[in-house]
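Worksheet: the structure to be examined is printed underneath.
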There are 2 protein chains.
Amino acid sequence: MITGKNYIGNQLSAIGSKTYTTFNPKLNIENKHTFFEASKEEIEKAVVLASEAFEVFRKVSGAKKAEFLNAIADEILALDDLLIETYRSETGLPEGRAKGERGRTIGQLRTFADLVAEGSWVEASIDTADLDRSPIPKQDIRKMLVPLGPVVVFGASNFPLAYSTAGGDTAAAFAAGCPVIVKSHPMHAGTGELVSAAIIKAATKTGMPNGVFSNLNSSGIEVGVQLVEHPAVKAVGFTGSIRGGRALFDLASKRPEPIPVFAEMGSINPVVLLPEATITKGVDLAKTYAKSITLGAGQFCTNPGLLIGIKGEALTNFITTLSEEIVKIEPSCMLHPNIIGNFERNKTNALQQSGLSVTAELDSDVAVNYARQTVTTVEGKTFLENTTLHQEVFGPFSMVVQCQDIEQLETIINTLEGQLTGTIIAENEEALQYNTVIDALQNRVGRIIFNGVPTGVEVCPSMLHGGPYPASTDSRFTAVGIHSIKRWVRPFSYQSWPNNLLPDELKNENPLGISRLVNGKHTDSKI
Amino acid sequence: MITGKNYIGNQLSAIGSKTYTTFNPKLNIENKHTFFEASKEEIEKAVVLASEAFEVFRKVSGAKKAEFLNAIADEILALDDLLIETYRSETGLPEGRAKGERGRTIGQLRTFADLVAEGSWVEASIDTADLDRSPIPKQDIRKMLVPLGPVVVFGASNFPLAYSTAGGDTAAAFAAGCPVIVKSHPMHAGTGELVSAAIIKAATKTGMPNGVFSNLNSSGIEVGVQLVEHPAVKAVGFTGSIRGGRALFDLASKRPEPIPVFAEMGSINPVVLLPEATITKGVDLAKTYAKSITLGAGQFCTNPGLLIGIKGEALTNFITTLSEEIVKIEPSCMLHPNIIGNFERNKTNALQQSGLSVTAELDSDVAVNYARQTVTTVEGKTFLENTTLHQEVFGPFSMVVQCQDIEQLETIINTLEGQLTGTIIAENEEALQYNTVIDALQNRVGRIIFNGVPTGVEVCPSMLHGGPYPASTDSRFTAVGIHSIKRWVRPFSYQSWPNNLLPDELKNENPLGISRLVNGKHTDSKI
């Protein structure tokens, strides 16, 4: 069922000459399928089809879009074992993770289906006319959210399902009414093609226009560059490295017509241990953190890479327990030789920095492509002086910074770059006492956690997955949850527009029965 | 009362050596006050103060922010005739316009005061915990909008009050909890200083932190560049030319930490005359448009600079009436010799283009700095071939494009850049018939008007003032109305946070009584 071809709208296509394969990191062998990188002509055709599809798709009703999204979920489930096996062969991840991520992907699609079927997400707002108003008559003005146009989604290496082909970016863009062109991640091109086939089947079954979706294979940067520079592309979604996300942001900003890039990038997710809690909760927390740091071989964007506390007996105990516990955990296979290669290189680079010492590193033999979890520690002063130590080491690696005092701890927080998450380990009373520490952390993150771990991103309306740069390129939006739809829409106003020509969302009679802001009051009544 | 100095927080300051004056275009003389351009040290100090103020201001309650905003409105009113006279001496605009714009400015401040006093604007969202959930416990997650940090606002030449010192950008930023540094517009530095004094008085009276507002004089680009490049500045608001807005956007995008720039820039606001309506409504409309084109000497960003119809008797009649009517209108004084200089230069450049003919130009003598309103016409084919004709001529100038047929008209719409507004003149039936024309226009604008004029931007929740590039740099936001607050905020999530440490907006007991999304349902109840 895997052909290695691109989907240019509904058509499989392989006119380019460049090919590549995916890799099974667990078996340490190449997988059998050959993938054809999208050619310039294929990219152009996909974008033109998406533009044409937009004119139809942007008017498709919420009910029909919900059918489409639910059909994608059904078709993904119908792929059954083939999908799970392909996923595993391209990632080395265990079955439970594969099925869990599939469940999350399905859940996201159905959540957006429910959102658009209900319809109030368009934030309809109506101010009725007052033509007798003096000195100037008041015109009837009505506003709602409308889709931006074709969106390009870059698949993420670490989430082949939930943040890739039919992941959160794609589900949100379809829900908004935007056609999607996926730049498939080369490490899991087979998984990507299977999911693409599911999307195409769903689009055909539910009568969506040809071009509402395309899937382009690519092993280098050329396909992505051509897509982001194309005038008909109106927005970009990306999950990956700071280097990659920034490059796309720069390309998009330099276009004659700049377009928004929503890139969710790196983060070391600082965890702050306040003194009292380090005494009372330290040992228990150390066990929890040993698990959090190694979860999924540390290949989560919310992996806690930095723990900051005040030097002393309690922090020493924490480090000792964390170090003892973490080496008890079974090592796991990383996604790809490139990923473990980067992990080893970045870890070695960190370990070469003066003043950093290793407190735990798995020393038993591990299979090829399996990562050795590592815990290090450093003095606050050393950390402050050397920003190389602030860089993410993507994988099961964490650094404990031992500060001289709370002032140094606060200074360290104030020097950190933007982060997806920050965690405070505290007793309730000391959280009040150290409120400036919490304030400092809050200014630098998108989500703040109390006495927990940052891993595990709940998909719910209150989730903010994003944060100040470089956690993301635009902290005003989230990449997870229903509000992530706002990345792909713009508000649009109709003035003095005849009722019969208005979209249903704005008609007097409120045929969709949605909640609207009418003359400043929320209501689902008709006018 | 005008000192010519900068406000660096609460302090008047003039340590720089560069000075300039403002100009009275009606009297054609320099005004008497000398303004001191902000020095590098003053700029640095203003930004540092703003950063410090942010740590206090971002926690100020909605009720206190409302007091501050209302106090600004009161202090502006208390400036009374001095403000109106200064405004007039720096713009040449009539008293009615000055008072009207003051009313609008006051109205905006009070609207934002009401918004933050009520409090639901933070979009509070709460998903309560389900710690028994299997396989993974669900954590308590709560989200609300929080301010971005210090915002820089560039005053607009054409709205010294409503889009400048205490205009929409500033009011929205204060409401959000962001300190504001205004880069004062050099053409109305005196008006700017008076309004700044009002803001400072209001800030002091209502106990706002020093640095919540600064006003920097500047006659060149240096002050703006230093501000936008400063790492502590977190967002930028701008109203003005495409060249200016794009330059700021480029600077902000190239920063190590890119920041959002919301620039509301140029627009020619196309008006499409459909054939039937040109017959039935043409003559009446021509009279209305003669007024809209000359309103405020054409110095509105929503001025209709382009009218597009189908060649024929009805369009000829429209042009004839428009041309007859427009020259009957009293000419008006433009804002500044530079503005009328640009108007004359851009008009001359347009008139030199082959195929453009003048159908009306006021030929009586006019006073110095008064603009001669002008109507021109061109064939659709010529317009399509020469993009110089698509450029805005800021002032009382409009061009009527006579198309061969409806296909050519649609092609023209599809070649236009992004616009603030588009207008359709149509009979209800033909609007249905020509729906692809309306669709094409809709893709290019932020607001679409039926049988009206684009001038007159109602301040109400349903207003969208913005649009696809280059109408604005980010079509996902509006510059007018309560939702313009969204430019200066980001969502922020608290996970497992103790109830007593949460901001009031997210506490279980809902002490502010605001509307919140609790487990997916909107409610103002406590939990």
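Starting from residues that are surrounded by 14 or more Cβ atoms within 10 Å (Cβ to Cβ) and among the charged types (D, E, K, R), keep the ones in the range A:320-379 and report whichever is farthest from A:LYS26 (Cα to Cα).
Going through the qualifying residues, I end up with A:GLU379.
A quick yes/no check of all residues on (1) among the β-branched types (Val, Ile, Thr); (2) within 23 Å of A:GLU37 (Cα to Cα); (3) over 21 Å from the mean Cα position of the chain (by Cα):
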position: A:PRO186; (1), (2), (3): no, yes, no
position: A:LYS201; (1), (2), (3): no, yes, yes
position: A:ASN215; (1), (2), (3): no, yes, no
position: A:VAL225; (1), (2), (3): yes, yes, no
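Would you be able to tell me the number of residues in the range B:105-132 that are of a type in the set (Gly, Ala, Ser) and in a loop (DSSP other than H, G, I, E, B)?
Qualifying residue count for the region: 3.
Being buried (at least 18 other Cβ atoms within 10 Å of the Cβ), hydrophobic (A, V, I, L, M, F, W, C) and under 30 Å from B:TRP121 (Cβ atoms) is true for just one of B:LEU83, B:LEU93. Which residue is that?
The conditions single out B:LEU83.
Could you tell me how many of the residues in the range A:489-525 are crowded, with 16+ Cβ neighbours inside 10 Å and part of a strand (DSSP E or B)?
10
So, B:ASN443, is that one surrounded by fewer than 23 Cβ atoms within 10 Å (Cβ to Cβ), at positive phi and free of Cβ contacts under 8 Å to residues at least 60 places away in the same chain or not?
Here the answer is no, as B:ASN443 does not meet what is asked.
Could you please find all residues in the range A:255-280 being out of contact with any Ser or Thr (no Cβ under 8 Å at 6 or more places or on another chain) and either of a type in the set (Phe, Trp, Tyr) or farther than 15 Å from A:ASP474 by Cα (or both)?
Selection gives A:ARG255, A:PRO256, A:GLU257, A:ILE268, A:LEU273, A:LEU274, A:PRO275, A:GLU276, A:ALA277, A:THR278, A:ILE279, A:THR280.
Could you pull out every one of the strands (runs of 3 or more DSSP E) wholly within the range B:356-471 that has 1 or more residues that are at pLDDT 95 or above and more than 30 Å from B:GLY240 (Cβ to Cβ)?
The qualifying strands (runs of 3 or more DSSP E) are B:357-361, B:374-379, B:397-403.
So the check is Cβ under 9 Å with 6+ separation or different chains; which pairs have a first residue in the range A:383-409 that's over 18 Å from A:THR359 (Cα atoms) and a second one that's among the small types (Gly, Ala, Ser) and assigned to a helix (DSSP H, G or I)?
A:THR388/A:ALA350; A:GLN391/A:ALA350; A:PHE394/A:GLY298; A:GLN404/A:GLY380; A:ASP405/A:GLY380; A:GLN408/A:GLY380; A:LEU409/A:GLY380
Please go through the range A:518-527 and give me each residue that is closer than 22 Å to B:GLU123 by Cα, in contact with a Lys or Arg (Cβ under 9 Å, 6 or more places away or on another chain) and within 14 Å of chain B (Cβ to nearest Cβ), ordered by number.
A:HIS522, A:THR523, A:ASP524
Being in contact with a His (Cβ under 9 Å, 6 or more places away or on another chain) and within 11 Å of chain B (Cβ to nearest Cβ) is the filter; apply it to the range A:385-420 and report the residue that is nearest to B:PRO231 (Cα to Cα).
A:GLU417
Do you know which of the residues in the range B:141-160 that are more than 9 Å from every other protein chain (Cβ to nearest Cβ) and assigned to a loop (DSSP other than H, G, I, E, B) is surrounded by the most Cβ atoms within 10 Å (Cβ to Cβ)?
Of everything passing the filter in the range B:141-160, B:PRO160 is surrounded by the most Cβ atoms within 10 Å (Cβ to Cβ).
To keep it simple, each residue is scored yes or no on (1) free of Cβ contacts under 8 Å to residues at least 60 places away in the same chain; (2) part of a helix (DSSP H, G or I).
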site: B:ALA38; (1), (2): no, no
site: B:VAL47; (1), (2): no, yes
site: B:ALA50; (1), (2): no, yes
site: B:VAL60; (1), (2): no, no
site: B:ALA73; (1), (2): yes, yes
site: B:LEU83; (1), (2): no, yes
site: B:GLU90; (1), (2): no, yes
site: B:GLY103; (1), (2): yes, yes
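I'd like the full set of residues that are crowded, with 24+ Cβ neighbours inside 10 Å and within 7 Å of chain A (Cβ to nearest Cβ), limited to the range B:449-478.
Passing the criteria: B:ILE449, B:SER462, B:MET463, B:LEU464, B:THR473, B:SER475, B:THR478.
The values are calculated or read from the model by the stated rules, or taken from the named source; none is laboratory data. What you are looking at is a predicted structure, and each value in this text was computed from that prediction instead of being measured. Glycine also receives a Cβ, built like all others from the backbone with ideal geometry; neighbour counts cover every protein chain displayed.
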